[in-house]
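Here is the structure we will look at.
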């Protein structure tokens, strides 16, 4: 993918958690994370489609990684559009959930078939796809329970959280364990406990969504992807600025390819690592020769 696979998981969880929390209080601010995620995902699609990886200091993507990034970005863009359509009352809520049900059924079926094929090929790439599928299912069911008076969905949203927890444990077992990894697994167990408490009526929905959002935020702080997450957030501004600059120079008769090449060279020079001089004899001689 364009970023580390779990970066997508954390970023999308973060935005959905704040959206659901805002939905509990029925505040217009709840649309801010959804709109922000739409802009970021569209920017990721633009960067991935035009292979502008140097904007985020990434290597050239293979075709499989390129289309994986595009497809998952589009999947969550569709979910965001459905949530916005219901929030602004553009479409009847029942039609929204029928469309969401059909959409998530197609996503789950596709991921299940592809995951079986990938497992046969002895690859672990399927884990990220299962994570993202679980998030799709989780956010739609949680939103449904907030929008509709449904009382027969107990423990339904606990299942994807349990599955994500087991996947993270397996992923950490295959890698080197560390204290952040242990704490992350503990936080996933806490999330499971919160879902069970909500389903059994031990805590109220506002407390549940506040605690879930706090858990996701702590998980992000403990991760090693803070810089990448910030890049995802500010990426729309970079892409819009780049687009305006290219259009401006295009109107002046300069080809787009030349403009992009010059911008990439300038970007590489600005973000290159600084020269570190030591005090040994060889560096001193080189410095004198350069002078």
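We did not get these values from a lab; they are worked out from the coordinates using the rules stated. Bear in mind that the values here come from a model prediction, so they are computed numbers and not experimental data. Cβ sites come from the backbone with ideal geometry, for glycine too, and all protein chains shown count toward neighbours.
Distance in nm between label sites at residue 204 and residue 237, each 7 Å beyond Cα in the beta-carbon direction?
Rounded to a tenth, the inter-label distance reads 3.7 nm.
How much length, in nm to one decimal, is gained on full extension between residue 88 and residue 27, taken as 0.36 nm per residue of separation minus their Cα-Cα distance?
Fully extending the segment from residue 88 to residue 27 adds 20.8 nm.
Under a point spin-label approximation (7 Å from Cα along Cα-to-Cβ), what is the residue 71-residue 169 distance to one decimal in nm?
Distance between label points: 2.9 nm.
To the nearest 0.05, how large is the calculated FRET efficiency for residue 95 and residue 247 if R₀ is 41 Å and r is the Cβ-Cβ distance?
With R0 = 41 Å, the Cβ-Cβ based efficiency is 0.60.
I need the calculated FRET efficiency for the pair residue 220 and residue 182, taking r as the beta carbon distance and R₀ as 22 Å, to the nearest 0.05.
0.85
Between residue 197 and residue 155, what is the label-point separation in nm under the 7 Å Cα-to-beta-carbon projection?
Computed distance between label sites residue 155 and residue 197 equals 2.0 nm.
Three principal axis extents, largest first, for the C-alpha atoms of region 167-241, in Å?
Cα spread of region 167-241 along its principal axes, largest to smallest: 49, 33, 17 Å.
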